[in-house]
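S.K.: Sharing a structure with you now.
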Amino acid sequence: MSSQYDHALGHARCGPGYRPRHIYVYSPSGAVRDKAAFRRGVARLKALGHEVEVDADALASHTRFAGDDATRLAAIHRAAASGADVALVSRGGYGLTRLLPAIRYKALAKAVAGGTQFIGYSDFTALQLALYAKTGAVTWAGPELVGDFGTEAAPDDIMEACFDDLLTGHGEGSGWRQHKEANPSPDKYIRKATLWGGNLAVLASLVGTPYLPQVNGGVLFIEDVGEQPYRIERLLTQLLYAGVLARQKAVVLGQFTGWRTLPSDKGFKLQSVVDWLRTQVKAPVLTNLPFGHVATKVLLPFGAEVSLSVEGRDALIHWGHP
């Protein structure tokens, strides 16, 4: 098995087949408060040679949102009509679940079929879930403009290399090393499973709605931020009781950040949740996928057919060219 991130770091940005891409930046969720980070992100993408088109309402603000619902909905549809190679969200936050009934999913699916790659994470999970449920279109779980390309320090090397892999068509998979545990999941090889998931809170909020895809035999990846371990378990319990977890071939835990131990926990921690989950599902439960509200994140093709292999602590998701 290849070592962690080998492929992500294994090619040059200016190698054969590289060409600048048209990137459309839009804001379907929370308002952009850090304008300096927004400008840095745009400048960095331009410095890489890309054409960056900024949506007319990318910096709009209405209470906590990037414009009212009609404004953000129109921005999504403009992104789909842009003909861009990449439609990149400016940031997450909250707001997409309000828009799900009004989105023209066939227009987005047509854009995907025409070559536009929709990329984002966190609140963007709602759009990914709904689009896949309605059309089966593949999108990408990956970086956003402000939090990943607009940082004061240089963007994370691995994140940037994985993004570049997508643009150049080199990306075929992501490997990582799981946490060292007393009772890890056993070695496993899974063929032909649908990769799907994203932010746990957003995903759980769509249970019982027409916007949660009914994926059977999938590889479910999840992450979250600002949720205590007991709250993560409570969200997983919702997926468990709804039958979602029982239908998966594997559950892959990404990064869960932004929480701290409480005095009332008395030793209850994230590993406690992992141990509990493994008693509730037959599928392997993997840990430490480099994805979530962290600087180092890989890009994952939401809705693509993948294989998953596990050897000891080493895990690899492989998708070829979806």
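The values are calculated or read from the model by the stated rules, or taken from the named source; none is laboratory data. None of the values given here were measured: they were computed from a predicted structure. Neighbour counts are summed over all protein chains in view; Cβ atoms, including those assigned to glycine, are modelled from backbone coordinates with ideal geometry. Ligands, DNA and RNA are excluded from the accessible area calculation, which covers all protein heavy atoms including side chains. Shrake-Rupley method; radii C 1.70, N 1.55, O 1.52, S 1.80 Å.
S.K.: Please report the net charge: other residues with Cβ closer than 15 Å to the Cβ of residue 56, K and R +1, D and E -1.
M.R.: Numbers: positive: 72, 78; negative: 53, 55, 57, 68.
So the surrounding residues net to -2.
S.K.: Whose amide H sits under 5 Å from the amide H of residue 252, counting only residues 5 or more places off or on another chain, with H placed in the peptide plane?
M.R.: 220, 221, 222, 286
S.K.: Straight-line reach from residue 282: which lysines fall under 17 Å, measuring Cα to Cα and dropping same-chain residues less than 8 apart?
M.R.: Here the lysines satisfying the reach criterion relative to residue 282 are 188, 249.
S.K.: Now for a separate question. Residues of the chain: accessible area per residue at 1.4 Å, in Å²?
M.R.: 41
S.K.: May I ask you to give the percent of accessible area on the chain that is carbon plus sulfur, with a probe radius of 1.4 Å? Provide the component values of the computation, followed by the final result.
M.R.: On the way: 6750 of 13330 Å².
Heavy-atom surface of the chain belonging to carbon and sulfur, 1.4 Å probe: 51 percent.
S.K.: Over the chain, what is the mean sequence separation of C-alpha contacts under 8 Å (at least six apart), divided by residue count, expressed as relative contact order in percent? Walk me through the numbers before you get to the answer.
M.R.: Working: 681 pairs, mean separation 66.4, N = 322.
Over the chain, the number comes to 21 percent.
S.K.: If we sort 41-50, 121-130, 286-295 on the protection proxy, mean other Cβ atoms within 10 Å, highest first, what's the order?
M.R.: Values: 41-50: 17.3, 121-130: 26.8, 286-295: 21.3.
Output ranking for 41-50, 121-130, 286-295: 121-130, 286-295, 41-50.
S.K.: Calculated from DSSP H runs of 4 or more alone, at -39500 (n - 2.57) each and per residue, what is the 222 nm mean residue ellipticity of the chain, nearest 500?
M.R.: Details: 8 runs with 88 residues, N = 322.
Result for the chain, helices only: -8500 deg cm²/dmol.
S.K.: Mind listing the phi-derived Karplus ³J(HN,Hα) values for segment 36-49, rounded to whole Hz, using 6.51, -1.76 and 1.60 with θ = phi - 60°, and x for any glycine or proline?
M.R.: In residue order, the calculated couplings are 5, 5, 4, 5, 4, x, 4, 4, 5, 5, 5, 5, 7, x Hz.
S.K.: Run the reach check for residue 192 against aspartates and glutamates, Cα to Cα strictly under 20 Å, same-chain hits fewer than 8 apart removed. What comes back?
M.R.: 172, 305, 311, 314
S.K.: Evaluate E = 1/(1 + (r/R0)^6) for residue 78 and residue 266, where r is the Cβ-Cβ distance and R0 equals 56 Å; express this FRET efficiency to the nearest 0.05.
M.R.: On the way: r = 51 Å, r/R0 = 0.91.
Between residue 78 and residue 266 the formula returns 0.65.
S.K.: A further question follows. From the Cα trace of the chain, what convex hull volume per residue do you get, rounded to a whole Å³?
M.R.: On the way: hull volume 42.3 nm³, N = 322.
Taking the convex hull of the Cα positions in the chain, it is 131 Å³ per residue.
S.K.: Of all trypsin sites (Lys or Arg not before Pro) in segment 81-139, which ones are in loop regions per DSSP and have a Cβ with at most 15 other Cβ atoms within 10 Å?
M.R.: Hits after loop and neighbour filter: 104.
S.K.: For residue 244, list long-range residues whose amide hydrogen, built 1.01 Å from N in the peptide plane, is under 5 Å from its own amide hydrogen.
M.R.: none
S.K.: Right, next: Quickly work out the residue 70-to-residue 238 label distance, labels modelled 7 Å from Cα along the C-beta direction, and quote it in nm with one decimal.
M.R.: That separation, rounded to one decimal, is 3.1 nm.
S.K.: What residues qualify as long-range amide H neighbours of residue 87, i.e. H under 5 Å apart, gap of 5 or more or another chain, H built at 1.01 Å from N?
M.R.: So residue 87 has HN proximity to 24, 117, 118, 119.
S.K.: Across segment 151-166, in residue order, what do the Karplus-derived ³J(HN,Hα) couplings come to in whole Hz, using 6.51 cos²θ - 1.76 cosθ + 1.60 with θ = phi - 60° and x for Gly and Pro?
M.R.: With the stated coefficients, segment 151-166 comes to 5, 5, 7, 4, x, 4, 4, 5, 4, 5, 5, 5, 4, 5, 4, 5 Hz.
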